[in-house]
Amino acid sequence: MRGVRRACSLRSGQSAGDSVVKFKRRSLVAAGGAAAIVGLSAIRLADRRCPRGKIVLRFSHVVDPDTPKGKAAELFKASLTEATGGDVDVQVFPNSTLYKDKEELEALQLGSVEIIAPSLGKLGPLGLRDFEIFDLPFLFDDYTALHRVTRGPVGLDLLERLTPRGLVGLAFWDNGFKQVSANRPLVLPADFHGLRMRIQDSEVLESQMKALGAIPDEMALSEVLSALAAGVVDGTENPPSNFLTQRMYTVQKFMTKSDHGYLGYAVITNERFWRELPGDIRAAAVAALKKASALADAIAQSENDSALDRIANMGTTTVIALSDDAKRRWKEALTVTYSEFRHRMGSRLLDLVGAATGTSLLG
Ligand code: SIN
C-alpha cells in the first residue's frame, strides 16, 4: 500500500520517527457546525528530509460535477491548490471515471486513491453496518434532524469507527432526500408490487424495497441509466440532483416526491496517506475540507429543489406529490425494516439516533 505519492519519495529504511510531532486527540468541528472533522490520535508525522515535490491527491467519486458533492469536491481542490501554492496536485475524478462504488472503497484501502466520499450506506459492506442507519426510511424529517446526528456525538463516533479499517473519517457532506421513480405511478405500497428497483449496496435498502413489495436489485450508480433503459430494472430512488444529472428523466415516466430516505456522504481518506502528510499540508487540507463541507451543506437543499423543478419542467417525468395518507401507508409497511435493523444491530444506536431526531418510527 502506498502512502503519500510525490516526486521525491522516502528512501527505504528512512523512518517516520526522525522528527515526530504528536497531536492530541481532538475533534474539529468546522466553523458554523458545517462539518464534523475527526482529529487523529497521537499522529506521528515524518520529517521526510526530502525536497518537497508535488503531493498527488486523487479524489474519486461517482456523481456528476454539477451536484452538491461534485461542487464541494471542486471547491476542495481549488482551496487546497491555492493554499499550498500548487504543492498538492488535487485530481478530482467525477462520475465513476476512476472507480465505481465498490471499487473506490477497495482502492482507498489499497492506497490507489486518496479521498472518496461514498454515500453512507455504502460503508455497510465494509463491515460498517451501523452506517446503514442513514438508509432507514423516514428517519429524518429534515436537515435539522439529520444534523443533530451528523454534527453530534453519534456522527463523530461513527466516523471514528473507520479507523480500524485503515481509514480516517473527515467529514459528513449533505446531499438530500430521496424520491422514487418508475414507469408507472408509485403512490401506495401496492404500486411497488413486483417492480425491480435498483438500490445501493445496503441491507436496509434491500429490506425497505422488499417491505414495499418490490424486488431490490443492487448495482453501481454508473450502471443505473442503462439498466433502466434496457428494462433490467424498472425503477430507482435518488435525490433529484442525481436523478437529473444522471439523466434518469430520459427513462423514467414517473417520480414520486416521497422524501422517504436520506442520501449523504462520509468524506474519507486513507489513514497512512493522512498520517504521512506534512503537518502544514494536512492543516491546509483540513481547512479546504471545512470550506468544501460548508458549501456542500449550504447548497444541498437548493440544488435538489432546483433539480426537482427542472425535472418537472422537462416534460418527460411526471412528478407526483405523496399525500399524508399515502405516506402513512408507506410508514406502516416499512416498520418491518426498523424491526429488522433493531434485531440485526441492537437497540443502542437506534435509541441514540431516535433521541437526537425525535423520530417516533423506530420500531
Ligand atoms: C452518490 O450519490 O454518491 C451515489 C448514489 C447512488 O449510488 O445512488
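No value in this document is a laboratory result; all are computed from the given coordinates. Owing to the predicted nature of the structure, the values given are computational and were not obtained by experimental measurement. Cβ atoms come from the backbone with ideal geometry, glycine included; neighbour counts cover every protein chain shown.
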Dipole of region 50-112, positive end: most advanced residue of 81, 59, 97 [Cβ charges, Cα centre]:
81
For the Cα atoms of the chain, what angle does the longest principal axis make with the long axis of helix 68-83, in degrees from 0 to 90, nearest 10?
10 degrees
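Quick check on the chain: take the gyration tensor over C-alpha atoms, sort the square-rooted eigenvalues as a ≥ b ≥ c, and tell me if it's rounded (a/c under 1.5), prolate or oblate. Don't skip to the end; give the middle numbers.
Working: a/c = 2.15, a/b = 1.73, b/c = 1.25.
Verdict is prolate for the chain.
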What are the ³J(HN,Hα) values, in whole Hz, obtained from phi via the Karplus relation 6.51 cos²θ - 1.76 cosθ + 1.60 with θ = phi - 60°, for each residue of region 100-115 in sequence order, with x given for Gly and Pro?
7, 3, 6, 4, 5, 5, 5, 4, 5, 5, 7, x, 8, 8, 9, 9
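Tally the DSSP beta bridges in the chain and give the antiparallel ones as a percent, rounded to 5. Can you show the working numbers first?
Values: 24 of 41 bridges.
Approximately 60 percent, going by the DSSP bridge assignments.
Quick check for me: using +1 on Lys/Arg Cβ and -1 on Asp/Glu Cβ, what's the dipole size of the chain about its Cα centre, in debye to the nearest 20?
Around 1220 debye, computed over the chain.
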Amide H partners (placed H, <5 Å) of residue 100, local residues excluded:
none
Farthest positive-ward along region 208-363 dipole, Cα basis, beta-carbon charges - from 242, 225, 267:
267
Using the crude model of +1 on Lys and Arg Cβ and -1 on Asp and Glu Cβ, and no other charge, please compute the dipole size for region 133-282 relative to its Cα centre, in debye to 20.
220 debye
Kindly provide the helix-only [θ] at 222 nm of the chain, computed as the sum of -39,500 (n - 2.57) over DSSP H runs of four or more divided by all residues, to the nearest 500 deg cm²/dmol?
-12000 deg cm²/dmol
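Given a cut-off of 19 Å, name the pairs among 257/327; 102/253; 77/291; 253/327 whose C-alpha atoms lie farther apart than that in the structure shown. Numbers along the way, then the final one.
Numbers: 257/327 10 Å; 102/253 29 Å; 77/291 11 Å; 253/327 21 Å.
Going by Cα-Cα distance, 102/253; 253/327 fall outside the 19 Å limit.
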List every residue whose amide H lies under 5 Å from the amide H of residue 213, counting only residues 5 or more places away in sequence or on a different chain, with H placed 1.01 Å from N in the peptide plane.
none
What angle, in degrees between 0 and 90 and rounded to the nearest 10, separates the Cα long axis of helix 348-357 from the longest principal axis of the Cα atoms of the chain?
80 degrees
Give me the net charge of residue 142's neighbourhood, meaning all other residues with Cβ under 12 Å from the Cβ of residue 142; Lys, Arg count +1, Asp, Glu -1.
-2
Once phi for every residue in region 302-315 is put through the Karplus expression 6.51 cos²θ - 1.76 cosθ + 1.60 (θ = phi - 60°), the whole-Hz ³J(HN,Hα) values, with Gly and Pro written as x, are 5, 5, 6, 5, 6, 5, 5, 4, 5, 4, 4, 7, 5, x
